[in-house]
1. Roughly how many nanometres apart are two label points built 7 Å out from the Cα toward the Cβ at TYR391 and THR173?
2. Using only Cα atoms, locate the centre of the stretch 198-232 and the centre of the stretch 362-423, then give the distance between them in Å, rounded to an integer.
3. Heavy-atom accessible area per residue, the stretch 119-419, 1.4 Å probe: how many Å²?
4. Quick check of the Kirkwood formula: for the stretch 3-98, what is the inverse mean of 1/r over all pairs of different Cα atoms, in Å?
5. Which value, in Å², gives the accessible area per residue of the stretch 38-104 when a 1.4 Å probe is used on the protein heavy atoms?
6. If you average the sequence gap of Cα pairs under 8 Å that are 6 or more apart and divide by the length of the stretch 196-344, what percent do you get for the contact order?
7. Return the whole-Å distance between the Cα centroid of the stretch 273-316 and the Cα centroid of the stretch 79-119.
8. Can you give me the three principal axis dimensions of the chain from its C-alpha atoms, in Å, biggest first?
Amino acid sequence: MRVRCYIEDIGNHVGETVTLEGWLAGKRSSGKIQFLQVRDGTGFIQCVASRSDVGDESFAELDGLTQESSLRVTGTVAKDDRAPGGYELAADSVEVVHVAEEYPISRKEHGTSFLMDHRHLWIRSSRQFAVLRVRATVIAAARRYFDSRGYTLLDTPILTPAACEGTTTLFATRYFDEDAYLSQSGQLYNEATAMAFGKVYCLGPAFRAEKAKTRRHLIEFWQIEPEIAYADLDEIMDIQEEMVCEIVREVLSKREPELGILERDLEPLRRVEPPFPRIAYGEAVERLKASGQDVEWGVDFGAEHETVLSQQFDRPVLVHRYPRDVKPFYMEDDPDDPAVTLSVDMLAPEGYGEIVGGGQRVEHLDVLERRIAEAGMPREEYAWYLDLRRYGSVPHGGFGMGIERLVTWICGLAHIRETIPFPRMLSRLRP
Ligand code: 4AD
Ligand code: MG
């Protein structure tokens, strides 16, 4: 009988005979032995097939077998400390399921644009495998963080009639006879569900027609966004801090092999423990000036500013109370200083910049009406949102964490494009 086994579980089967079902990632041979690098989507392992064990016919078939051919390998699991994953499979038999055509991605260096054109295949490579496995763990950990604390997951619409994050990055589409926009954030709807369910979150794609080509921006990205009734700015910061710590801890405990493939230095990740430094925007400006940055009070921080700031700390830093002019209409004023808002961004260390944005929301109807008018937004489209300030309005707040930004930092990548299976970027809609 065939005992199917996944590579990630192989350590539980030392000395047993198991069958792996996977693909040939690479191969070398030494006359009488073929060393097959096999992957199955949960990991990579070396299978050793000797002519005497698998027989002449099978051995000859393996000799010419192309990269990415699919196969079933049955053999005995052995512990081997020199092997990359710590185990090896001594093959008794190999069944070739499909002989692949010549594979376009070889071991030689390929340019990014070639790899991106072959993204549907590139995701099979070990580094891409590692990044996307970390992504899945980040999402699972983030969801568990909220699920285990009594938050209700409530999905918000993707097709919407109005902006949440300003009109410049709106992605327009048609909704039968009307203009519609793809959601930039679920926040406004989260505020409604928070008034109905107390603590809520949504997880989904966000769309922004960002005209800038940067290492940090995608056109389509994923956000997890909690919203909490009766929460103030300090509580919002506490939640961000606790959530990020829990996610990083879970990735460290579950995805060490993947971080190893990425050669990620784990020390900076192990330092991600509370408390995170909290600095006001005004102090951040002073720090930037002191490090020679060209910046004045009142400007929004650019990527360069965030990089410089985040390099000053050994763990994520919370920058709070940004000026009114650089934040969206829904941010509550600071009662102690009307020039600033009760907003907060979390900047990742090692120069990665903003990974989380949020704050406390405007609570009172008259203020919100004024903000909507000042922003030149169509009041009718926000009538339902204004209702939330008519019927039992309470202080509340929340935030959005960009999944891909977090994964870029945790994996230590130079560019965000590898953190989502099929990135949508300024000049890329395919594959
Ligand atoms: O700071 P942002 O724009 O905040 C909001 O959308 C709020 N409405 C969220 C809320 O309070 N519920 O976006 C939140 C996060 C950013 O910190 C960043 O991590 C990520 O979303 N993000 C992007 N990630 C990739 N590509 C882009 N173009 C992104 N824009 C924002
Ligand atoms: Mg932001």
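1. Distance between the two pseudo-spin positions: 2.9 nm.
2. Centre-to-centre distance over Cα atoms comes out at 7 Å.
3. Computed with neighbouring chains in place, this is 42 Å² per residue.
4. With all distinct Cα pairs of the stretch 3-98 included, I get 12.9 Å.
5. Here the residues of the stretch 38-104 average 50 Å² of exposed surface.
6. On the way: 154 pairs, mean separation 26.0, N = 149.
Reported as a whole number, the value is 17 percent.
7. 43
8. 84, 53, 41
The values are calculated or read from the model by the stated rules, or taken from the named source; none is laboratory data. This structure is a prediction, so every number in the text was calculated from the model and none was measured. Cβ sites come from the backbone with ideal geometry, for glycine too, and all protein chains shown count toward neighbours. What goes into the accessible areas is simple: the full protein's heavy atoms, side chains included, and nothing from ligands, DNA or RNA. Shrake-Rupley method; radii C 1.70, N 1.55, O 1.52, S 1.80 Å.
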